[in-house]
Every structure is written in C-alpha cells, then in structure tokens.
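In what follows, a structure is listed as structure tokens, so that the remarks can point back to it.
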Amino acid sequence: MRIPIVDWKRVVAEQQALVDGHVDNVFQIEPKCFLIRCKPGKQALLLDATPQRPRALVTDAPPPVPDRPPMFGSILRRALRDTQIRGVCLLGDDRVWALDVEGADGLKRLILEAVPNRPNLLLVNADGEVERVLDGEIAKRRGTPIGAAYERPAPPNLRPEESVLPEDLDDTPFAANHWLASRAREGVEEKDAEKEEKRRERLLARIDRARAQSEKDLQALPDPAATRKQGEFLLEHFPALTTGMKKFRGVPLDPKLAPNENIDRIFQRARKAERGRPKIEARLAELRELRARVDSGELVPENQVPGRSKGKEAPRKPYRVFLAGNGDRILVGKGGRDNDETTLKVAGPNDIFLHVRGTPGAHVIVPVRKGDTVNEETLIDAAHLALHYSKMKKADRADITWTPRRNVSKPKGVKAGTVRVAREKVLHLRREPERLGRLLMALVDPE
C-alpha cells in the first residue's frame, strides 16, 4: 500500500509522542520488516522495507516476534536498545523517514527510504556517515554505501495525492498510524490468501496430472499371467521359431529379434506387469489421499507433490565407476577426451594409472591415499577392466602398463587420450572370465 505524503506527515506528527521515550528492544520479523518496541506505553513501531509496502507506523496489533533476530536485526538491537528517542521526522518533502536516538555510543539516526520499488533501511552516526545498510546494492546505487556521508535520494516529481485516511478519523493517539497499519496488514493478508489459493490450485493440477498418467500406465500394463503363458507357449515350440517372424500362432513377435530375444522380451513384460501393477495401484491411493489433504486446505510441502521441476542435472562424469572385490573404487574413462580428463584432472598424483600396452583403450584409475599402496587384487581387477575396454578385449592375455599418476603426462599437440608414461611397470595379465563377469556386475555408476 502506497501511503500519500500528506498521510506520512500526519503519521509523523502523531509519532512525536514517542520523543523522550526509550527503545526497549528491536526484533526482525521478516527479512526486511522490523519491530521497535518503545517505552513507556509499550508502543510497537513497525518498519517495513519490503518493496511495494514500505512503511513506518505505530501498530496496535504487532506481529509475533522470533526468539533470535537474524544478523541485521541483531545489529539494530545492539545499536538501538536502551537508547532515548530524540526525534522523529521526514527528511524533506518525500517518503524518507528518520528516527533519532541517543545512547552510550552517542547520537544515531535510523533512516527508512520508503521508495515503493526499492526501499532501504540505513543506520547513520552523529557525523552523518552510514554505519550499516539493509540492502548494500541499493545503497551503492544511491551513493550511500557503508562509510559514505548520507545523502537522501533525489526527490521525485511528486504528483498531487489525496489522503486515504477516513474523514471521520478521531484524534486518539496514533489514530492514523493504527488505521494505516490495519489497512496494510489486511492487504498483506489478502495477498497471502490469494497466493496460497493459487498455490493450492497449482498443487491440485499437478496431482491430477500425476493421477491421469498413473491410470494410463495401469491400463497399458498387460495381464501378467496371460503374457507369461505366451512365453511358455513359445518355449514349447522353440524349434519352430525363426528370425523374421511377425507372429507365431497368434503371438506377436518382433521380426528383427532372434527367437530367444523375443522370448526374453515377453517374459520381461510379464515381470514388469507383475511388479508394476501393485506399485501403480499404491501410487494412485497415495495421490487420492494427497489430493484430499490439499483440497481441504492443509499446507502440504511442495516436495510431497509430484511434478516439481527437476532443477539442474548433475554434471556428466567422464568415467564409469566399478567396485573391486574388496570394495575399492576403480574409475574407467569413457574414451578420448574423457580419458584425458579422468587421468589429468580427476586422478590424484598417488593414484594408479593403468592402460593396455601398445593398444588404444580406456584409461583406468585406482584411487590410492597418500602413503598407502595399491592392493594386489584390486590392481588385477583394474587390469581386467583396462583389457575389457580396449581394442584387445577378446584377447586371453595382454600386457598392462601401470604406474602412479604422477608419472603420466600429455605431450603437446597429440590427439585426445594419448599420454606419455614414465617409470612404467608391466603386469602380464591372463584373462579370467569369472573375475571380469564379477566386475561388470559391480558397475555402480553407468552414466
């Protein structure tokens, strides 16, 4: 709510009753809203530097105060508490409000620049220098950062404004302050209610979309028992199946797949339907309950409602992660530039570098803590992965180069993935299919 200048003047005239009183305490209600409790009379002076609603009003309905104020609230509390109020005024013919206090540290002036779009709150010392600011960026733009001499903002071209106060407003203490504070409070509550209603409608729409998708997924699931019977029927007639068939005795097939691949796909669909149906039904029950809670007005957290934006995707890793038999991590570069990044940027100097000797392939890294040595079985596991992700992956034997990462460098001008290895050691590897199978099953980071 924008308070006209004429009403600001009446508000400040009423606030003269605070002069010679004391600041009892200061509270930070919201990020840009503060409550100064004055005595005698326990008057509550509300300072709000929130855009579109800046105000400095004595209120007869102060909001609840937090136990501990945030940082700026603590700064104001230390500066203003137990000080004597020496004056309240407007600086010039504009919405720049000032409260003068005096305490053990001398005179201080608290200034609210009640500019509707970019209000700010500043604490100024007796020499006119800015000591603290609520919004540093706004203060810099106006030439009043901390340490600068305070100058009020250039007055705007004021248009004639009529008072918003009722004509029959009485002359009781702080009548205009209380009336304007009540109007501002009602406006905030109304906006909050509108905001919550829009939020509720948005959540209901997200829930309805999730329900519609779950119902669609449920209808798309085949009958698991019937699908399984199709697979069993094909197994019984396996010799009669050939690649290229589109259908066999009423059972649809993919002509691009071999008979065993078609059978595997049918059983996979049966397993998916058997596992998926109870999950989707449980999900639908959860969504029905969630919708009832939101529809009743319960403040359900956003993260409990489906359909939230996923935010930023995790950065792509240039390597895959496998676990050795003893649980050690093994990093395998994905090729080319990823090999360079894995070896030269990710790996530490004590980590172990492995590569099939004389053959293109992945860079493999075994992380090793400083002062430790690489486990022998982990080294053999890593050598198997180096072989598997190389041009020699079908070979039964190979020589694997390995050395600490600090002995690996990249010559200038060579293609991606090419490095120079100093002080290399060679592991004569004999391929063990069971070991390799166990490692491939231990892939923990496939992307």
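Read-outs: derived from the displayed coordinates by stated rules, not from any lab. These figures come from a predicted structure and were not determined experimentally. Quick reminder, even Gly has a Cβ in these numbers, built from the backbone with ideal geometry, and neighbours come from all protein chains shown.
Structural remarks
- The alpha-carbon of Lys39 sits under 28 angstrom from the alpha-carbons of these lysines, leaving out residues fewer than 8 places away in its chain: Lys9, Lys108.
- Protection proxy ranking, peptides 427-435, 39-47, average beta carbon neighbours within 10 Å, highest first: 39-47, 427-435
- Between Asn120, Ala347, Gly325, the Cα set farthest toward the positive side of the dipole of the chain (charges on each charged residue's Cβ, about the Cα centre) is that of Gly325.
- Charges were assigned to the Cβ only: +1 to each Lys and Arg, -1 to each Asp and Glu. The resulting dipole of the stretch 306-447 about its Cα centre is roughly 600 debye.
- Helix 175-220 and the long axis of the chain differ in direction by around 20°, with both axes built from C-alpha atoms.
- For Rg/Rh (Cα atoms, Kirkwood Rh), the value calculated from this model appears in (1) 0.95; (2) 1.22; (3) 0.98 under label (2).
- Karplus (6.51, -1.76, 1.60) ³J(HN,Hα), θ = phi - 60°, over the stretch 403-420, in Hz, Gly and Pro reported as x: 5, x, 4, 5, 8, 10, 9, 10, x, 6, x, 8, 6, 4, x, 8, 9, 10
- The loop-placed GluC sites (Glu not before Pro) in the stretch 165-201, going by DSSP, that have at most 13 neighbouring Cβ atoms within 10 Å of their Cβ come out as Glu167.
- Annotation: lysines with alpha-carbon distance below 21 angstrom to Lys317 (same-chain offsets under eight excluded): Lys334, Lys345, Lys410, Lys415.
- Applied to the stretch 47-58, the Karplus parametrisation 6.51 cos²θ - 1.76 cosθ + 1.60 on θ = phi - 60° returns per-residue 3J(HN,Hα) values of 10, 10, 9, 6, x, 6, 9, x, 6, 9, 9, 7 Hz, with x for Gly and Pro.
- Cα gyration tensor category, rounded, prolate or oblate, for the stretch 258-341 with a/c compared to 1.5: oblate
- Computed from point charges on the beta carbon alone (+1 for Lys and Arg, -1 for Asp and Glu), the dipole magnitude for the chain about its Cα centre is near 3480 Debye.
- Degrees, to the nearest 10: 5-15 long Cα axis against longest axis of the chain: 70 degrees
- Folded to 0 to 90 degrees: helix 376-388 orientation relative to the chain principal axis, Cα: 80 degrees
- A protection proxy built from the mean count of other Cβ atoms within 10 Å ranks the segments 87-93, 57-63, most packed first, as 57-63, 87-93.
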